[in-house]
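Worksheet: one structure, shown below.
The values are calculated or read from the model by the stated rules, or taken from the named source; none is laboratory data. Note that the structure is predicted; figures quoted are calculated from it, not measured. We place every Cβ from the backbone using ideal geometry, glycine too, and count neighbours over all the protein chains shown. Ligands, DNA and RNA are excluded from the accessible area calculation, which covers all protein heavy atoms including side chains. Shrake-Rupley method; radii C 1.70, N 1.55, O 1.52, S 1.80 Å.
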Amino acid sequence: MCGIVGYIGTKEAFPIIINGLKRLEYRGYDSAGVALVQKEIVEYKKQGKVSDLEDFSCKKCTAGTIGIGHTRWATHGEPNDVNAHPHTSMNKKFTIIHNGIIENYCQLSVILTAEGYSFKSETDTEILANFIEYIYLKEQVSAEQAVRMALSQVEGAYGLLVLCADELDKIIAARNGSPLVIGVGNNEYFLASDATPIIEYTNRIIYLNDKEIAVLTNNELSLKNISNDSLTPIIQDLELDIESIEKAGFEHFMLKEIFEQPKSINDTFRGRASKNPPEVYLGGLYNVMDKLDNAERILIVACGTSWHAGLVGEYAIEEFARIPVEVEYASEFRYRNPIIHASDVVIAISQSGETADTLAAVRLAKESGATVLGICNVVGSSITRETDAGVYTHAGPEIGVASTKAFTAQVTVLTMMALLLGKRRKTLSSKMYKQLITELYEVPAYIEEILEDNDKYFEVAKLYQNTRNCIYLGRGILFPVALEGALKLKEISYIHAEGYPAAEMKHGPIALIDENMPVIIIATKDKSYEKIVSNIQEVKARKGKIIAIVTKGDTVIAQLADHVFEVPETNSFIAPLTTVVPLQLLSYHSAVLRGCNVDQPRNLAKSVTVE
Ligand code: G6P
């Protein structure tokens with residue numbers, strides 16, 4: 001959360017920073033600000049979106065070839081102009097932008113107040129700017145040393161860019177816990193929270209590691225750790241094309257990403273599976289396959305939508321590979337003193353690869369000696385670098401805050417893992433293994449077919465756009481899909497929605513059902529079909545409105561439900577990949593009809609890099 005961008009070189013910094021901040025707006029959009037090096041450091045900041053900052057700054061002087069910018073997701077202090085970044089120290093020596101949380105900012109503010117410092121904002125970042133200045137003036141050291149000395153006393157997470165009024169030729173960058181990457185150009189450097197603002201200028205990327213500090217002038221980069229040891233920067237070539245981070249004619253990124261799913265699922269297979277003969281390979285797991293084969297238990301840790309994908313994985317792995325699986329919210333796992341054995345395999349699922357709680361869970365699992373794997377989308381992200389092995393989802397950049405194609409890619413990887421394990425452990429018949437792989441290959445075409453009905457989803461969403469509450473029901477492996485459907489609706493349309501296992505409805509949620517309650521039921525044909533038909537009857541008897549996702553050609557539920565949406569017939573273990581798409585479309589259209597900002601829903605951020 002919070003996006004940061006910096007530029008130092010020979011071009012005008014302002015347009016590069018504004019452009020970059022727009023690409024990072026998914027990380028937070030409460031306020032935005034820039035600081036530019038002119039004869040002195042000037043800063044412009046504004047509550048609201050990057051475009052508000054752009055309008056505001058354009059009336060001012062935006063010259064300068066060195067600058068830093070920030071788009072904020074508020075943690076400390078409400079979103080307003082004063083709390084917006086950058087923050088400048090009291091004697092105007094340091095101007096900084098920060099992503100993360102300085103946990104001991106209260107203690108630092110006590111020290112600073114005793115030294116006569118006062119603060120304008122309610123932010124932890126302003127305290128840090130002043131703490132750096134305090135050390136700089138007291139110890140009479142260079143800006144770089146002051147930053148290093150200050151950070152060695154700081155607890156918490158930071159991705160940090162620093163300008164010093166006495167050393168206007170440089171940007172100091174530091175990272176601990178919050179991501180920061182450097183793009184290496186010709187006599188220029190780009191800095192950002194992820195590579196998306198950089199990729200249009202250079203694909204040569206350095207990923208900063210925790211407790212590293214870089215000092216950049218326009219033709220030199222020095223990298224050290226917090227103990228002042230020099231390090232050799234490792235430059236990697238990143239393959240990411242600019243088209244993949246544009247809207248490509250779609251009204252919203254979310255809609256584009258929903259429609260990209262046939263392709264992103266194909267990309268997820270690429271090189272990891274074959275159709276003839278039906279096989280799964282997963283080269284990223286090659287070195288840990290023994291551990292996986294012999295795992296006594298698999299623990300899956302994740303947050304949000306990735307946690308829902310993990311639940312789908314639990315059903316598939318237990319069914320095919322007969323290994324017990326536990327799925328945990330990373331935020332709970334890390335703080336509850338979990339029992340982790342060296343024989344356990346822990347799988348962290350994260351689209352961004354940067355979620356603070358998931359990363360902390362990875363570290364905890366590693367300390368306990370377990371084999372730790374990652375299923376991530378963002379190449380080079382922190383989780384991918386800290387896990388023993390893993391599988392990239394290769395869904396391409398996901399910009400919409402509500403996750404769609406990342407979910408189906410995660411489920412695809414988990415299904416492939418479950419199939420591979422089932423085959424290797426001989427717990428899955430060769431016939432079933434082949435049949436499921438063959439069917440996995442049909443999923444992109446199935447999704448294409450569902451997407452053809454897009455207009456119908458709009459029509460139904462229109463009927464329910466003013467509803468206040470919704471219930472989502474599913475059974476078995478489709479229960480996590482019900483949870484995901486409910487999450488999609490609440491996060492972008494602000495309609496209260498809850499997902500339940502269909503049979504659990506009788507234990508509480510049924511009390512909510514009346515003629516005003518839409519109930520969305522995933523009711524495709526599988527072994528629980530008769531039971532779900534009964535659940536539909538129960539809702540109908542209480543006059544609830546039924547929107548059912550059914551198998552193509554179903555005539556029974558068509559008679560009972562108020563609206564049906566058909567998906568192609570599949571094996572039930574493939575159905576999460578198809579049945580989630582109607583739920584994504586319903587949520588999308590509901591949010592658009594209600595006038596909500598689909599790609600940037602209120603209070604949310606795509607990458608939650610604070611606890
Ligand atoms: C945020 C996002 C969700 C995402 C979750 C986990 O809440 O808004 O879309 O599912 O974080 O993120 P991750 O990057 O770890 O998958």
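Numbers for the structure displayed
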{"read-out": "Inter-label distance for E530 and E40, nm, one decimal - labels placed 7 Å from Cα along Cα-to-Cβ", "value": "8.2 nm"}
{"read-out": "Dimensionless Rg over Rh [segment 117-168; C-alpha; Kirkwood]", "value": "0.94"}
{"read-out": "Cα-based shape type of segment 25-112, given that a ≥ b ≥ c are square roots of the gyration tensor eigenvalues and the cut on a/c is 1.5", "value": "oblate"}
{"read-out": "Nonlocal amide H pairs with A273, under 5 Å, H built at 1.01 Å", "value": "Y281"}
{"read-out": "C-alpha long axis of helix 479-493 to longest principal axis of the chain, angle in °", "value": "50 degrees"}
{"read-out": "Ellipticity estimate at 222 nm from DSSP helix runs (n ≥ 4, -39,500 (n - 2.57)) divided over the chain, nearest 500", "value": "-10500 deg cm²/dmol"}
{"read-out": "List I447, I235, ordered by accessible area with a 1.4 Å probe, largest first", "value": "I235, I447"}
{"read-out": "Alpha-carbon centroids, segment 359-381 and segment 142-212: separation in whole Å", "value": "24 Å"}
{"read-out": "Rounded Å value of the spacing that divides the Cα centres of segment 323-347 and segment 397-411", "value": "24 Å"}
{"read-out": "Ranked by how many other beta carbons lie within 10 Å on average, peptides 288-294, 350-356, 243-249 from highest", "value": "350-356, 288-294, 243-249"}
{"read-out": "Vicinal HN-Hα couplings computed from phi for segment 596-611 (Karplus, 6.51 cos²θ - 1.76 cosθ + 1.60; Hz; Gly/Pro x)", "value": "7, 7, 4, 7, 9, x, 4, 6, 9, 9, 6, 10, 9, 9, 10, 6"}
{"read-out": "Sequence of R468, R424 from largest to smallest accessible area, 1.4 Å probe", "value": "R468, R424"}
{"read-out": "Vicinal HN-Hα couplings computed from phi for segment 397-403 (Karplus, 6.51 cos²θ - 1.76 cosθ + 1.60; Hz; Gly/Pro x)", "value": "x, 10, 9, x, 5, 6, 6"}
{"read-out": "E442 - accessible surface, heavy atoms, 1.4 Å probe, Å² rounded to 10", "value": "70 Å²"}
{"read-out": "Sequence ranges 135-146, 220-231, ranked by mean other-Cβ count within 10 angstrom, highest first", "value": "135-146, 220-231"}
{"read-out": "Per-q log10 I(q)/I(0), the chain, q = 0.06, 0.12 Å⁻¹ (Debye; single scatterer per alpha-carbon; no solvent)", "value": "-0.33, -1.18"}
{"read-out": "Sequence-distant residues sharing a close amide H with I521 (under 5 Å, placed H)", "value": "L473, I547, A548, I549"}
{"read-out": "Å³ per residue enclosed by the Cα convex hull of segment 44-162", "value": "107 Å³"}
{"read-out": "Angle in degrees between helix 529-541 and the longest Cα principal axis of the chain, rounded to the nearest 10", "value": "80 degrees"}
{"read-out": "Relative packing of peptides 212-219, 268-275, 127-134 - highest average C-beta neighbours within 10 Å first", "value": "127-134, 212-219, 268-275"}
{"read-out": "Unsatisfied cross-links (Cα-Cα over 19 Å) in the set K462/K488; K49/K405; K211/K606; K263/K527", "value": "K49/K405; K211/K606; K263/K527"}
{"read-out": "Cα long-axis angle, helix 575-593 against the chain (0 to 90 degrees, to the nearest 10)", "value": "60 degrees"}
{"read-out": "Kirkwood Rh in Å, taken over segment 480-600 so that all alpha-carbon pairs contribute", "value": "14.7 Å"}
